[in-house]
Amino acid sequence: MVSPDIVVIGAGVIGAACAEALSAAGARVTVLDRGAPASGTTAAGEGNVLVSDKAPGPELELAQASRKLWPELLAALAEELGPELADAEWEPKGGLVVATGDESAAPLRDFAGAQRAAGVRADPVTAAEAGALEPHLTKAITAAVHYPEDAQLQPVLAATALLAAVRARGGEVRSGVRAIGIEADAGGAFKAVLTDRGAIACAAVVNACGPWAGAFAADAGAPIAVLPRRGMVLVTAPLPYTVRHKVYDADYVGAVASGDADLQTSTVVESTGTGTILIGSSRQRVGFEERFEVRVLAELARKAQRLFPILARVPVMRAYGGFRPYAPDHLPIIGADPRVPGLWHATGHEGAGIGLAAATGRMIADLYAEKETAVDASPFRVDRPAVIEEVAA
Amino acid sequence: MSRTVVSSIVVIGAGPAGLAATRAAADTGADVTLIDAAPKLGGQYHRQDARTGDERFALPAGVQHLRESVVWAIEPIDGGHRAHVRTGPADSPDRTGTSIDAAALVLATGAYDRALPFPGWDLPGVFTAGAAQALAKGQGVAVGSRVLVAGTGPFLLPVASSLVGVGAEVVAILEANAAVRGWLSNPFGALAGAGKAGELAAYAATLVRHRIPYRARRAVIEAHGADRVEAVTTARLDADWSPLPGSEKTMEVDAVAVGFGFTPQLELAVSARCELRDGFVVVDAAQATSVPGVFAAGELTGIGGATLSAAEGAVAGAAAARHVGAEVRPPLQAMRRIRSGRRFAAALGEAYPVRPGWRTWLRDDTLVCRCEEVDYAALRGARNDRDATGSRSLKLVSRAGLGLCQGRVCGANVAELSGIDDPAAFAGRPMAVPLRLCELAGADPEATPEIEPGVKV
């Protein structure tokens with residue numbers, strides 16, 4: 001067996017995007033997953049490729065780059081693998097953010113104004129225009145903003161299409177292999193990834209373990225602060241075309257940026273390619289507790305029903321949950337770990353990993369090749385206080 | 001809106017196991033609530049005619065019976081569990097919600113019968129054996145006038161008998177395994193199943209009286225028809241269930257009832273986080289699961305039939321009563337019946353397994369998931385081309401198991417076809433049954449609903 005140049009740990013969408021970008025740049029890549037690929041956080045995501053929920057700043061810049069990159073990447077994969085194997089249900093459907101209370105109308109307008117200044121298309125619309133965009137939307141809205149750039153894809157298809165490309169280029173994807181640490185040579189240079197199936201010699205390792213990235217980082221001797229944040233999503237039975245955009249309540253923005261541990265929900269309602277409607281999303285800091293709480297589902301349902309009264313009698317077929325990885329300062333962690341040569345991290349994307357994956361993969365590949373990155377990578381560097389010092393403390 | 005009530009013991013399922021558990025617990029004086037989806041008691045095994053007003057079973061005084069009620073979620077609370085219940089006909093917009101806080105739960109949710117896919121199995125006129133029997137017993141309806149019964153296990157006999165009882169002609173019974181004497185000849189099994197011998201003799205007499213041929217080592221491998229089933233191809237099987245070339249025969253039928261054993265209805269046990277082994281709930285000698293205060297009885301713990309289920313139910317009910325502080329005499333007789341019943345069940349399982357050759361019955365375009373219309377080629381592609389090696393990614397890539405049945409029909413088959421070595425891989429369903437969004441919105445007893453669930457829109 002030929003040794004890989006780089007081993008990526010974690011075959012979720014972030015790991016897959018890193019592996020794809022590194023292999024596109026000519027590296028031989030092996031992707032490991034302790035379970036099945038695309039079965040953790042990626043499988044629990046709604047497939048958001050959003051610019052609308054981000055305030056101006058480094059994460060918005062990364063999101064804008066990723067929004068531009070995703071369709072190009074998927075088109076290139078379709079060219080390389082054929083349309084079927086590269087299909088990821090990409091849908092540039094646009095987003096519609098609505099305020100339903102008097103107190104949230106002005107903050108929404110201000111937020112959108114700041115985003116416009118940062119180059120986001122954020123078009124204020126009247127209630128009547130919002131009703132034309134979404135005929136079944138509640139009439140009780142106080143402000144609305146249309147974000148034509150917001151898009152959606154099916155995250156498991158996207159991740160597995162990226163992995164298929166890695167394999168087509170001579171790389172390897174191995175399920176059921178657990179990474180347990182790294183090995184350095186006598187001089188301290190990186191030598192191999194250690195797994196429960198033996199050591200794999202390579203030049204570098206990318207830690208893309210999502211909410212479990214902190215554990216691997218600790219095993220590799222360079223702990224980072226990555227914490228899980230629980231989320232639940234409801235899925236309805238398939239419906240005729242009822243919801244056209246990604247529609248969400250303006251309080252979503254506040255929930256994303258918050259570090260509050262208790263339950264937060266904000267309504268996100270959207271159709272999928274198969275006609276089901278996804279209703280999200282909740283945010284809770286409960287560790288890796290998988291317990292299913294009725295009050296969380298009830299609150300999601302109440303808020304979705306308030307936004308789309310027509311959905312009241314629609315059957316909800318299932319509910320699923322997952323864990324988002326977040327850093328204490330709510331920014332992704334992307335880059336080389338200065339403490340351990342050969343160790344790289346790509347994690348901490350919280351609820352935005354699907355959208356940010358394309359640009360994250362490209363950033364890792366560019367940094368690895370010591371090329372200039374399309375987006376300033378320094379805000380995402382590993383050795384920032386929130387990531388390293390909070391662990392030490 | 002949901003209201004909360006308190007009951008010491010909640011029994012879920014009113015089949016043989018649940019009924020026995022309810023009686024055993026109520027006999028100790030404990031306060032018991034029995035919840036079941038059907039309007040009448042008895043479950044699938046004792047399914048009663050839904051058209052008449054009489055009730056065959058009586059419950060001890062004081063037992064609260066929630067009929068036409070489904071438990072859609074279980075949550076742990078201090079000192080026990082909370083069962084979230086909806087009451088009313090399944091398709092009714094006016095179901096009401098209750099949440100019941102219980103110190104002990106007895107899960108007796110039973111099993112549903114398993115169908116294996118074959119070309120044409122999705123044609124109208126192909127039924128599961130359980131559905132054919134439920135229609136016959138519950139509604140007096142025959143699924144066809146010329147019906148073939150096929151599959152494996154002794155359950156095929158009562159199904160054929162029920163069909164004859166409602167006027168259908170049963171053209172044959174095809175048993176994919178070797179003949180029935182296999183387990184009767186096992187001395188332990190025969191002993192434990194002594195009670196069964198009379199029952200089987202009665203079915204055998206029905207077969208003879210109606211001249212119904214019983215063919216072992218034969219199965220339906222294809223159903224034909226334009227809009228509904230008109231004919232089937234059957235074939236003789238080798239020991240692994242691969243069809244023997246040249247043994248194919250065609251029969252004209254207008255309905256087929258297929259049953260290949262049973263799949264336990266595990267979602268509530270999974271929600272309560274009970275430990276599973278080989279696809280069944282692990283219990284100790286008192287029918288206690290790995291979760292304190294949660295007991296399980298009947299087909300959830302292993303497929304063993306009504307007698308064993310009732311014995312397990314009696315023990316589980318007594319153990320649940322003991323758990324809530326009632327004075328209980330050890331149910332020694334029921335425990336003995338469980339020991340012998342399990343020998344019988346083991347012999348049954350050995351004689352009537354599902355063997356791997358069924359996978360060769362499928363063609364590329366044979367549907368493996370009917371809800372989402374996923375064919376075998378697509379399922380293989382998901383695994384081979386898209387790295388979908390786990391149940392979660394397999395569902396999301398292939399869509400198998402994502403439809404209305406949520407994998408209840410196809411889950412075990414999809415897992416087996418995809419090399420996922422866990423029969424319960426598709427059994428986790430945090431919402432055990434679908435709920436309307438408005439029902440879910442009103443489901444939290446501690447919240448004040450902003451919109452009443454019965455709201456008209």
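Each reported figure results from applying straightforward, stated rules to the coordinates on display, with no laboratory input. All of these numbers come straight from a predicted model, not from anything done at the bench. Here the Cβ positions follow ideal geometry from the backbone for every residue, glycine too, while neighbour counts run over all protein chains shown.
Across peptide B:378-387, how many C-beta atoms of other chains are within 10 Å of each residue C-beta, on average?
4
Output wanted: per-residue J couplings in Hz (rounded whole) for the stretch B:63-76, from phi through Karplus 6.51 cos²θ - 1.76 cosθ + 1.60, θ = phi - 60°, x for Gly and Pro.
6, 8, 10, 9, 8, 6, 10, 10, 8, 9, 7, 10, 10, x
For a footprinting-style exposure proxy, rank B:W361, B:W72 by other Cβ within 10 Å, fewest first.
Fewest to most other Cβ atoms nearby, the residues stand as B:W361, B:W72.
Could you tell me what % of all Cα pairs in the stretch B:362-417 have separations over 19 Å?
Percentage above 19 Å: 13.
For B:A334, what is the net charge nearby, where nearby means another residue's Cβ is under 13 Å from its Cβ and Lys, Arg count +1, Asp, Glu -1?
With Lys, Arg at +1 and Asp, Glu at -1, the net is +4.
Could you tell me what percent of the DSSP beta bridges with both partners in the protein assembly as shown are antiparallel, to the nearest 5? Walk me through the numbers before you get to the answer.
On the way: 82 of 139 bridges.
Of all bridge pairs located within the protein assembly as shown, approximately 60 percent are antiparallel.
Give the Kirkwood hydrodynamic radius (Å, one decimal) of the stretch B:1-85, defined as one over the mean of 1/r across all pairs of different Cα atoms.
Kirkwood hydrodynamic radius for the stretch B:1-85: 13.5 Å.
Evaluate peptide A:31-44: per residue, the Cβ atoms of other protein chains within 10 Å of its Cβ; return the mean as an integer.
4
Across peptide B:104-111, what mean number of C-beta atoms from other chains lies inside 10 Å of a residue's C-beta?
The shielding value for this peptide is 0.
Size of the dipole of the protein assembly as shown about the Cα centre, Lys and Arg at +1 and Asp and Glu at -1 on the beta carbon, nothing else charged, in debye to 20?
Approximately 2720 debye in magnitude.
Quick check on chain B: helices-only [θ] at 222 nm, where DSSP H runs of length 4 and up contribute -39,500 (n - 2.57) each and the sum goes over total residues. Nearest 500, please.
-8500 deg cm²/dmol
With no solvent and one equal point scatterer per Cα, compute the Debye intensity ratio I(q)/I(0) for the protein assembly as shown at 0.05, 0.06, 0.08 Å⁻¹ and report its log10, rounded to two decimals.
-0.31, -0.44, -0.78
Using modelled backbone amide H atoms (1.01 Å from N, in-plane), which distant-in-sequence or interchain residues come within less than 5 Å of B:Y214's amide H?
B:I173
So what are the ³J(HN,Hα) numbers for the stretch A:15-25, from phi and the Karplus equation (6.51, -1.76, 1.60; θ = phi - 60°), rounded to whole Hz, Gly and Pro as x?
x, 5, 5, 4, 5, 4, 5, 5, 6, 5, 7
What's the local net charge at A:L96, with K and R +1, D and E -1, over the other residues with C-beta under 11 Å away?
For residues surrounding A:L96, the net value is -3.
Give me the dipole magnitude in Debye, nearest 20, for chain B about the Cα centre, with unit charges on the beta carbon: positive for Lys and Arg, negative for Asp and Glu. Numbers along the way, then the final one.
Numbers: 46 positive and 48 negative charges, 256 e Å.
Here the size comes out at about 1240 debye.
In a GNM of chain A with a 10 Å cut-off on Cα contacts, which of A:A164, A:A25, A:A130 has the highest mean-square fluctuation?
The residue that fluctuates most here is A:A25.
Roughly what angle does helix B:16-27 make with the longest principal axis of chain B, taking Cα atoms, 0 to 90 degrees, to the nearest 10?
The angle comes out at about 20 degrees.
Can you pull the semi-axes for the stretch B:115-260, root of five times each eigenvalue of the Cα gyration tensor, sorted largest first, whole Å?
Result for the stretch B:115-260: semi-axes of 24, 20, 12 Å.
First obtain the Kirkwood hydrodynamic radius of the stretch A:152-247 from its Cα pairs, then insert it into the Stokes-Einstein equation at 20 °C and 1.002 mPa s, and state the resulting D in µm² per second as a whole number.
Using the Kirkwood radius from Cα pairs, D works out to 126 µm²/s.
For the stretch B:115-260, give the magnitude of the charge dipole about the Cα centre (Cβ charges: +1 Lys/Arg, -1 Asp/Glu; no others), in debye to the nearest 20.
So the dipole magnitude of the stretch B:115-260 works out to roughly 540 debye.
Who wins for biggest fluctuation among A:D383, A:D102, A:D33 in a Gaussian network model of chain A, springs between alpha carbons below 10 Å?
Highest fluctuation of the listed residues: A:D102.
Taking chain A as a Gaussian network, where each spring joins two C-alpha atoms under 10 Å apart, which residue of A:G170, A:G361, A:G214 fluctuates the most?
Of A:G170, A:G361, A:G214, the most mobile in the Gaussian network model is A:G170.
Would you work out which of A:A25, A:T100, A:I277 lies farthest towards the positive end of the dipole of chain A? Charges go on Cβ: Lys and Arg +1, Asp and Glu -1.
Ranked along the dipole, the leading option is A:I277.
Obtain the radius of gyration and the Kirkwood radius of chain A from its C-alpha atoms and give Rg over Rh.
0.97
Mind ranking B:13-26, A:141-154 by how tightly packed they are, going by the mean number of other C-beta atoms within 10 angstrom, highest first?
Highest to lowest by the protection proxy: B:13-26, A:141-154.
For the stretch B:317-457, build the charge dipole from Cβ charges (+1 Lys, Arg; -1 Asp, Glu) around the Cα centre, then report which of B:A388, B:G428, B:L404 sits farthest towards its positive end.
B:G428
Return an integer: the convex hull volume of the alpha-carbon atoms of chain B, in Å³ per residue.
Taking only Cα atoms, chain B has a hull volume of 154 Å³ per residue.
Relative contact order, percent, of chain A when contacts are C-alpha pairs under 8 Å separated by at least 6 residues?
23
Please list, ordered by chain and number, the residues whose modelled amide H lies under 5 Å from the amide H of A:S266; skip anything fewer than 5 residues away on the same chain.
A:S281
Whole Å is fine, so just give me how far the alpha carbon centre of the stretch B:376-390 lies from that of the stretch B:212-260.
28
Order by neighbour count: A:D251, B:D49, B:D227, fewest other Cβ atoms within 10 Å first, most last.
Fewest-to-most ranking of A:D251, B:D49, B:D227: B:D227, B:D49, A:D251.
Round to the nearest 10 and give me the degree value, 0 to 90, for the angle of helix B:194-209's Cα axis relative to the longest principal axis of chain B.
40
Return the long-range amide H neighbours of B:V6 (sequence gap of 5 or more, or a different chain), with a cut-off of under 5 Å between placed amide H atoms.
B:D101
So what is the 222 nm mean residue ellipticity for chain A from helices alone, if each DSSP H run of at least 4 adds -39500 (n - 2.57) and you divide by all residues, rounding to the nearest 500 deg cm²/dmol?
-10000 deg cm²/dmol, from helical runs alone.
Return the Rg/Rh ratio of the stretch A:305-393 with Cα-based radii and a Kirkwood Rh.
Result for the stretch A:305-393 is an Rg/Rh of 1.18.
Could you derive backbone 3J(HN,Hα) for the stretch B:398-404 from the dihedral phi with the Karplus parameters 6.51, -1.76 and 1.60 (θ = phi - 60°), listing whole Hz in sequence and x where the residue is Gly or Pro?
Values per residue, Gly and Pro as x: 8, 6, 4, x, 8, x, 4 Hz.
Can you check what the net charge comes to around A:G280, using other residues whose Cβ is under 9 Å from the Cβ of A:G280 (Lys, Arg +1; Asp, Glu -1)?
Summing Lys and Arg as +1 and Asp and Glu as -1 gives -2.
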